[in-house]
Each structure stands twice: as C-alpha cells, then as structure tokens.
Amino acid sequence: MPIKVPNNLPAIETLTNENVFVMTDTRAMTQDMRPLHILLLNLMPTKIDTETQITRMLSNTPLQVELELLQTAT
C-alpha cells in the first residue's frame with residue numbers, strides 16, 4: 001500500500017528505487033484515501049537512513065499509511 005510522505009523527504013528517491021510505493025503530499029491530495037496517521041520523532045544521528053528504514057518497514061503493511069515527521073525546535 002502507498003505511504004504518504006512529505007514532499008521534501010530526502011528518502012523518497014531511495015525508496016522509489018527500491019520499488020517502495022510512496023506518495024507525496026501533492027499526489028495524495030488528488031486521491032480519495034483514508035490512511036493510518038503515524039507521527040515519527042526521529043532522534044537517531046543518521047536521520048535519512050533511519051527514515052528510509054522505517055518507511056520501508058511501514059510499506060510492508062496492508063494499510064495505507066500517512067507518515068509525518070516531527071522536528072524539535074532546538
């Protein structure tokens with residue numbers, strides 16, 4: 001199932017190359033889907049690698065998932 005990710009997620013290209021079905025916010029606005037909303041706070045030092053790995057794992061579920069990434073102010 002598709003994973004809805006922010007338009008500026010650096011992992012989009014990597015995931016697309018691995019045939020993971022990702023859908024950007026822009027494309028998702030044209031779809032009629034009711035995804036499971038997940039908010040992720042990534043505190044790992046290798047942010048792009050970690051976000052790619054988590055997105056890859058979420059793509060293996062039968063649910064449509066909307067992934068939102070939380071950033072701290074400091």
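Note on the chain: with charges restricted to the Cβ of Lys and Arg (+1) and Asp and Glu (-1), its dipole about the Cα centre is near 80 debye. Taken over the chain, the percentage of Cα pairs per 5 Å bin, counting from 0 up to the bin with the maximum distance, is 3, 16, 30, 26, 16, 6, 2, 0. Of the GluC sites (Glu not before Pro) found in the chain, those that fall in a DSSP loop while having at most 16 other beta-carbon atoms within 10 Å are Glu18.
Computed from Cα positions, the angle between helix 47-58 and the longest principal axis of the chain comes to roughly 30 degrees. Available extension along the chain between Thr16 and Gln53 is 12.0 nm, counting 0.36 nm per residue and deducting the alpha carbon span.
Every number here is computed from the coordinates shown, using simple stated rules; none is lab data. Please read all numbers here as calculations on a predicted model, not as lab measurements. Cβ atoms come from the backbone with ideal geometry, glycine included; neighbour counts cover every protein chain shown.
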